[in-house]
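> Handing you a structure now.
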Amino acid sequence: MKFEIELGSATGNKKHLVEIHRHGCACQVWIDGKPLDADAVQLSPHTVSVLLGGQSFEINASRSADGKIKLQCGSHEFSAEVIDPRARRVRKHGALEVEGRAEVLAPMPGRVVRLLVAAGDPVEAGQGLFVVEAMKMQNEIRSPKTGKVERLFAKEAQNVNAGEVLAWVD
């Protein structure tokens, strides 16, 4: 499996090509063509212990409202954007549309006041899926692509955090 990862930090942005090969329970990772032995164990929903090239790291991860992943390792903070070559963007009717399963994220903390679709419903790109109230304003959360609502993670009257996954559209 190959990924391109863009890491952003206070010192700037860097892109890395990451390739992962699993062999039973073990896996080997190539970062920019350099092989490293790797192992990872999830400690909690947002914390992973990683052994990479003989070094141990504890990484806290969360999704930000812009869809990037916020990583914290010790005193270092990074933002990461993972680009999967299988999930390319294509141009359709003048707008960018995601291929493959797309996560619909809450752009801000708030409360789901209305569901506009149900699991299994077909949707068009840009169609409203949820109405989220934040700071006394109602915001319609729209589908990033044409497809079918695979799964809903939010219910009416539920409070949501920024970056929380509300639905999958496939």
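> Could you check segment 95-150 for strands (runs of 3 or more DSSP E) lying wholly inside it with 2 or more residues that are within 14 Å of Ala167 (Cα to Cα)?
In segment 95-150, 102-105, 110-115, 128-134, 137-142 are the strands (runs of 3 or more DSSP E) which contain 2 or more residues that are within 14 Å of Ala167 (Cα to Cα).
This table checks each residue for (1) modelled with pLDDT under 85; (2) farther than 25 Å from Leu17 by Cβ; (3) more than 21 Å from the chain's Cα centre (by Cα); (4) not assigned by TED's automatic domain parsing to the domain that holds Gly8.
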site: Val98; (1), (2), (3), (4): yes, no, no, yes
site: Glu103; (1), (2), (3), (4): no, no, no, yes
site: Pro107; (1), (2), (3), (4): yes, yes, no, yes
site: Leu116; (1), (2), (3), (4): no, yes, yes, yes
site: Glu156; (1), (2), (3), (4): no, yes, yes, yes
site: Asn161; (1), (2), (3), (4): no, yes, no, yes
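> Quick one: in segment 20-60, which of the residues that are among the acidic types (Asp, Glu) and at pLDDT 85 or above is farthest from Gly163 (Cα to Cα)?
Applying the filter and picking the extreme gives Asp32.
> Check whether at least one residue in segment 72-81 is modelled with pLDDT of 80 or more, more than 19 Å from Leu7 (Cβ to Cβ), more than 18 Å from the chain's Cα centre (by Cα) and part of a strand (DSSP E or B), and report yes or no.
No, that holds for no residue.
> Further question: State which residue is surrounded by the most Cβ atoms within 10 Å (Cβ to Cβ) when the search covers only segment 36-58 and only residues that are on the phi < 0 side of the Ramachandran plot and in contact with a Leu (Cβ under 6 Å, 6 or more places away or on another chain).
Per the stated criteria, the residue is Ala38.
> If Gln138 satisfies every condition in (1) under 20 Å from Arg63 (Cβ atoms); (2) exposed (fewer than 13 other Cβ atoms within 10 Å of the Cβ); (3) of a type in the set (S, T, N, Q) but one, which is the exception?
(1)
The values are calculated or read from the model by the stated rules, or taken from the named source; none is laboratory data. Everything numeric here is computed off the predicted structure, so don't read it as measured data. Cβ coordinates were reconstructed from backbone atoms using ideal geometry, including for glycine residues, and neighbour counts include every protein chain displayed.
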